[in-house]
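These notes are about the structure you will find just below.
Every number here is computed from the coordinates shown, using simple stated rules; none is lab data. Since this is a predicted model, take the numbers as computed values, not measurements. Neighbour counts run over all protein chains shown; Cβ positions are idealised from the backbone, glycine included.
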Amino acid sequence: MTAAQDTRGKARATRTSDQEHRDVLRALTGILAAFFMAMVTLTIIGTALPVIMADLGGDQTALSWTVTGTLLANAVTTPVWGKLADLFDKKKLLLMAIAIFVIGSAAAGLAGSITMLVVARVIQGVGMGGLMALAQTILGTIIPPRERGRYAGYMGAVMAVATSVGPLLGGLIVDAFGWRWCFLIPVPLSILAAMLIVRTLHLPETTRETAPKVDFLGMALLAVATSSLLLWVSFAGKLFDWGSWESILLIAVGVLSTVAFILVERRASEPTMPLHVVTERTTVLAIIAAIATGAAMFASTTYLGQYFQLGQGYTPTESGLLMLPQVVGSFLGSMIAGQLITRFGRWKRVLIVGAVILAIGLFLASQLTHTTPAWLVGIFICLVGLGVGTLNQNLVLAVQNTVGLKDMGSASSAVAFFRTVGGAVAVSLFGALLTRHLSSEMSRFAADHGLDAHQTPDAASIDLAGLPPAVLEAIREAYGTGTGLLFLVAGIASLVTLVCVLLMKEVPLRTTVDVAEVDPETGEITMVTKRVNPVEAAGLRMQHAETGELPVVDPKASGLRRSHGERAEETARSARGAHAAPVEPDVAGTAHPHPHPRHQAE
């Protein structure tokens, strides 16, 4: 081959790769848009909450429940959506999730009381759970693991930016139009995202020989177990004591329903959360790490808005702008991590660096007071964002690399589920911790100034208008030190993330997808490891092979063109037999013929 021919070949390969990249991005446009709206709505009320509570007459407990209700619904339904994605049409489920999200958003914008707002936020949470689970599942289904790092980086960037920019948008919207538009504006934008999905997303059709069996009992038990836990941590210490009979009842219901859920999942033919998936070493460690990361992510975005407004006296818009460094850090962390993982095919070192940065940022932020300069706060939260952005989606990627195609939805949603649960528990516990700290500080202030308890305002009431300067200063000081305390607890939790990442066993990412190709004339099935452009494969007719773990591809239906080398390789493999796939060593050096269980999704 001449140098000119080699150059032309490389140029053609580059053009093909670039075209595939553009095609994939086009297909993911609607998904990313819907995902962005869901994540923005999850955090957009961060800076709007003080205004909402003052308008609707809520207190610190109502504030916590407004956030926790959404996270609860999100957490409970995420694994349900993930399992349904393994059984039914993913695109239809995605559109259904958007519809539920739109209904909840409209209801929240029209809410006339705290109760109505919480109910509407719960409906929103159900839709969010679907969007989060399905977006990650579809990404894991159509893109090979090695390339998945790049696109996971894009999704992580969307998640990071949406999570962090939400409070800024909330502040701008509250100051310009009022808090209700924080919920009403996403309605038309979500409908537009649904239209993009209908137009650009074309997934392979999956057929099954028998009707899928939905694990309704397992789903119900999981909902009861999760709800009991979150209700306990949300209301204990507020509506009832930690050691009261209400606490004991909720704990008992949670434990019993968890045990029952495990027993049901062991016997279910299509378990909601397959035990062989969630008990795999990498998955277990990723789940624990995700819980701690979720605590840092949701708690920081929820209570930073309060810190800037109530601790330092900024307006909602100003507090949103002051949170921009976290947006920048999250965006950079996600994008850089995704590119590095795609380039080198390794993810563990990237996650270790992210966990270290997260811990450093949180411990630095634990030094916050109400007089900390804004530029210094910006440095601290930029580091927090950088760590969260590096970890979030890549923890999911590590888990997806260990499961088969038929468990892709369950595995992806499991990490998202526990991350959301961690965030919801953190929001509730941090809210209780902050309330306790504020009450303690105000009691001390009253004692120091010879005041009775009724002569000082409830520091958890959030409405500080008209307070005497001395009392206002005391409350600001309490909010400042209280926020620092929250970051200290989150920093300790982040050390758990670091330990889990260090203990993970890295499996190199492949650039191929395992498929079973069926000859349209003879019906002969041949196992093939190949690169598949997910957009060109939009017309694929896919059905489960006898094991139900690998898609079967009809070449004529797909319209894919294969090179001479690919045809020769596949012919040779067919002659050797369906199971004589290329042998690739794992990390320990042991050779495994494909399809190996950990690579069946690839």
Taking neighbour counts of Cβ atoms within 10 Å as a proxy for exposure, in what order, fewest first, do Phe101, Phe363, Phe183 appear? Phe363, Phe183, Phe101
Using a 10 Å cut-off around each Cβ, can you sort Ser443, Ser247 from fewest to most neighbouring Cβ atoms? Ser443, Ser247
Expressed in nm to one decimal, what extension gain is obtained for the pair Ile379 and Ile103 from 0.36 nm per residue of sequence separation less their Cα-Cα distance? 95.5 nm
Phi-based couplings in Hz for the range 410-422 (Karplus 6.51, -1.76, 1.60; Gly and Pro marked x): 5, 5, 4, 6, 4, 5, 4, 4, 5, 5, 5, 4, x
Residue order, fewest to most beta carbons within 10 Å, for Ser413, Ser113: Ser113, Ser413
Using Cα pairs under 8 angstrom and six or more residues apart, how large is the relative contact order of the range 219-318, in percent? 21
